[in-house]
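Chemist: Got a structure for you, questions after.
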Ligand code: GLA
């Protein structure tokens with residue numbers, strides 16, 4: 001078992017891969033956090049606890065005048081509000097006395113084999129070959145009867161520890177949770193940089209790296225979704241950490257709603273990081289006997305740099321979070337008609353695209369927005385999920401059959417959570433749109449949001465979407481979400497429960513996704529939110545790929561995909577070749593470059609294939625062949641980020657290495673043209689003793705030469721401004 005408990009020293013040690021995590025039941029039963037990092041063989045780390053005499057401004061619990069123990073500066077495992085720890089709290093629960101001060105002490109624990117699951121919430125799971133155990137520590141507050149279960153899922157063979165918290169009302173009076181983080185962690189120093197992923201629509205997941213300072217910093221979302229603006233991920237990395245060296249602690253939240261990641265450094269120069277549901281506009285009422293479960297936080301430790309942290313997440317999320325038939329199945333190369341036609345299409349136009357797609361080796365046609373109700377622009381019809389027969393004569397089936405007859409699969413777009421005021425659904429059920437009672441809802445992209453907390457709304461959506469999916473041979477569904485939540489509230493919730501709305505919305509969304517993915521296991525779900533506005537681990541649990549950004553400009557995508565790769569595997573990063581000039585930026589980019597960049601994800605096209613020149617058609621055929629040839633290395637290999645587009649203003653580069661290190665693919669992109677620059681790139685992750693041949697030039701290098709000396713790329717590229725070099729092991 002990777003979980004040890006020393007009863008005499010009252011100490012827990014969790015050994016996950018090459019990392020250890022140590023806690024101790026300290027004075028008065030407070031659970032202390034002693035260490036997280038590279039492996040330690042010792043259990044007794046109590047010498048790490050601070051022993052400085054502190055001022056009278058550091059309260060001592062229970063009037064204990066003799067010891068130096070104060071919650072104000074001891075490292076806490078799950079810090080509670082209001083009992084003398086003045087740093088950012090993980091938990092605060094209102095008791096019957098109306099006070100928020102919360103006092104949690106260790107009561108018991110249980111070690112179980114296998115990984116815990118969370119009711120109604122997505123979480124990482126163990127496959128048959130994974131050794132994972134669960135530690136469940138019970139803390140409780142004697143006065144209020146609040147019982148807090150700290151859950152730890154410990155992977156014996158990987159540097160992964162998952163955490164979640166269950167708060168139970170084991171008392172006799174109602175409780176109100178004001179805050180319940182998924183995980184918290186204290187560090188004895190603040191010598192770290194904070195990395196997080198920020199952005200906006202069409203510019204998601206840019207990388208920010210800043211030193212921790214003496215303040216409290218919050219990265220989060222109050223938009224009702226994980227958002228374009230901040231991703232539910234952060235890392236603390238040592239000051240000198242780079243892709244290949246140094247320590248990196250990753251914190252990733254499996255959640256799609258309002259979240260907060262808080263990092264605080266106190267006056268004693270120690271650091272605390274917390275993550276969970278955002279405490280703003282959150283309150284959860286618990287009757288005696290009821291429980292509340294937080295989303296899961298996934299902790300990854302690396303002492304081989306930031307790159308290794310990412311690779312650990314990639315494997316975990318690909319194989320232990322994504323589910324279903326499509327989890328490991330090769331994804332079809334698709335063509336999506338959005339940027340080809342926008343709303344201006346009919347069945348004949350789609351068939352023209354499909355014919356060219358079939359001829360070029362593309363495997364699936366995705367019909368995007370505009371096929372339902374009377375939707376010829378974005379002003380109407382969301383909620384009216386019946387086919388517009390003016391566009392698709394005779395309905396969906398004849399079109400899908402004809403597309404199938406060409407040898408192509410068929411996919412469809414939905415935006416289930418939305419409702420247009422100009423829709424039959426809204427005229428029938430105006431109360432189904434979410435709204436704080438008494439307020440008028442704001443409008444965004446001419447649409448309101450459906451109240452996903454309501455069972456009748458979810459039942460309607462399940463029935464109507466199932467009907468469409470069953471009406472023809474549909475194998476793919478793009479699930480979009482094109483606005484954020486405002487005036488949040490539900491017509492069905494009593495006033496004292498309205499602040500449960502945001503979380504209940506997310507639970508409702510997961511419930512519907514669970515029902516639909518279970519009912520249609522053969523369908524590949526692709527997540528989307530105006531591009532990558534809900535690109536989070538929880539959505540990956542239901543949809544193994546997500547549309548990464550509405551910005552399809554290949555040069556812009558370098559940053560977006562590079563940042564996304566911090567946590568998410570290539571198999572989840574949908575990337576399409578689109579038209580040039582690009583529709584978002586107007587930039588002209590060579591066709592090869594657009595293909596080379598899109599090749600780094602779940603690959604497809606998003607342009608009018610009927611308008612391609614012969615030369616471009618030849619390039620599509622070449623890219624399709626490359627996709628098949630490189631599929632295994634990219635999707636199942638290890639990613640090495642080589643040149644960051646955030647640090648280098650003229651180029652970027654990344655590399656995939658096959659699991660057995662017999663092949664590598666180096667992608668290099670010029671992001672800004674400049675006369676006469678020479679680029680030497682050193683590869684990573686190869687076997688220094690193997691010999692590798694550049695498949696295109698035939699030149700043979702030893703692995704150590706490629707990694708230590710590098711390749712001279714300026715001798716390779718022509719006018720495409722990018723290239724993919726394929727290196728294959730040679731044995732003779
Ligand atoms: C969002 C998506 C796009 C497209 C449009 C359709 O913006 O990100 O890919 O589906 O909606 O309205």
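Chemist: Would you mention how many residues in segment 399-430 are under 30 Å from residue 356 (Cα atoms) and under 27 Å from the mean Cα position of the chain (by Cα)?
Modeler: 6
Chemist: For segment 374-404, what are the residues that are loosely packed, with under 15 Cβ neighbours inside 10 Å and within 16 Å of the ligand (Cβ to nearest atom)?
Modeler: 377, 379
Chemist: Tell me, yes or no, whether segment 472-482 has at least one residue that is within 26 Å of residue 296 (Cβ to Cβ) and part of a loop (DSSP other than H, G, I, E, B).
Modeler: yes
Chemist: Go through 13, 87 for me and flag whichever is at pLDDT 95 or above, within 21 Å of residue 180 (Cβ to Cβ) and buried (at least 19 other Cβ atoms within 10 Å of the Cβ).
Modeler: Step by step, each of 13, 87 is checked, and only 87 is at pLDDT 95 or above, within 21 Å of residue 180 (Cβ to Cβ) and buried (at least 19 other Cβ atoms within 10 Å of the Cβ).
Chemist: Only one of these is within 16 Å of the ligand (Cβ to nearest atom), touching a residue at least 12 places away in the same chain (Cβ under 8 Å) and farther than 20 Å from residue 535 by Cα: 303, 337. Name it.
Modeler: From the options 303, 337, the qualifying one is 337.
Yes or no, residue by residue, for (1) within 16 Å of the ligand (Cβ to nearest atom); (2) touching a strand residue (DSSP E or B) at 6+ places or on another chain (Cβ under 9 Å):
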| site | (1), (2) |
| --- | --- |
| 467 | no, no |
| 472 | no, yes |
| 478 | yes, yes |
| 484 | yes, yes |
| 493 | no, no |
| 496 | no, yes |
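Chemist: I'd like to check something: does segment 405-413 contain any residue that is out of contact with any strand residue (DSSP E or B) (no Cβ under 7 Å at 6 or more places or on another chain) and surrounded by 22 or more Cβ atoms within 10 Å (Cβ to Cβ)?
Modeler: Checking segment 405-413: not a single residue is out of contact with any strand residue (DSSP E or B) (no Cβ under 7 Å at 6 or more places or on another chain) and surrounded by 22 or more Cβ atoms within 10 Å (Cβ to Cβ).
Chemist: Based on what the data block shows, is residue 318 in contact (Cβ under 8 Å) with a residue 60 or more places away in the chain, within 30 Å of residue 610 (Cβ to Cβ), crowded, with 18+ Cβ neighbours inside 10 Å and away from the ligand (no atom under 16 Å from the Cβ)?
Modeler: Considered against the rule, which asks whether it is in contact (Cβ under 8 Å) with a residue 60 or more places away in the chain, within 30 Å of residue 610 (Cβ to Cβ), crowded, with 18+ Cβ neighbours inside 10 Å and away from the ligand (no atom under 16 Å from the Cβ), residue 318 comes out as no.
Chemist: Let me ask you something else. How many residues, within segment 283-302, are surrounded by 21 or more Cβ atoms within 10 Å (Cβ to Cβ) and not in a strand (DSSP E or B)?
Modeler: Adding up the residues that qualify gives 2.
Chemist: Looking at 30, 35, 81, which one is surrounded by fewer than 22 Cβ atoms within 10 Å (Cβ to Cβ), within 16 Å of residue 140 (Cα to Cα) and modelled with pLDDT of 95 or more?
Modeler: The conditions single out 81.
Chemist: Has segment 424-437 got at least one residue that is at pLDDT 95 or above, surrounded by fewer than 21 Cβ atoms within 10 Å (Cβ to Cβ) and in a loop (DSSP other than H, G, I, E, B)?
Modeler: yes
Chemist: State whether one or more residues within segment 508-518 are modelled with pLDDT of 95 or more, more than 16 Å from the ligand (Cβ to nearest atom), surrounded by fewer than 23 Cβ atoms within 10 Å (Cβ to Cβ) and in a loop (DSSP other than H, G, I, E, B).
Modeler: No, segment 508-518 contains no residue that is modelled with pLDDT of 95 or more, more than 16 Å from the ligand (Cβ to nearest atom), surrounded by fewer than 23 Cβ atoms within 10 Å (Cβ to Cβ) and in a loop (DSSP other than H, G, I, E, B).
Chemist: On to the next question. Hey, residue 445 hits all of (1) in contact with a strand residue (DSSP E or B) (Cβ under 9 Å, 6 or more places away or on another chain); (2) over 29 Å from residue 404 (Cα atoms); (3) away from the ligand (no atom under 16 Å from the Cβ) but one; which does it fall short on?
Modeler: Every listed condition holds for residue 445 apart from (3).
Chemist: So, in segment 208-233, exactly how many residues are in a strand (DSSP E or B) and surrounded by 21 or more Cβ atoms within 10 Å (Cβ to Cβ)?
Modeler: Matching residues across segment 208-233 total 7.
The values are calculated or read from the model by the stated rules, or taken from the named source; none is laboratory data. The model shown is predicted, which means the values in this text are computed figures rather than measured ones. Counting neighbours? That spans all protein chains shown, and the Cβs are built from the backbone with ideal geometry, glycine included.
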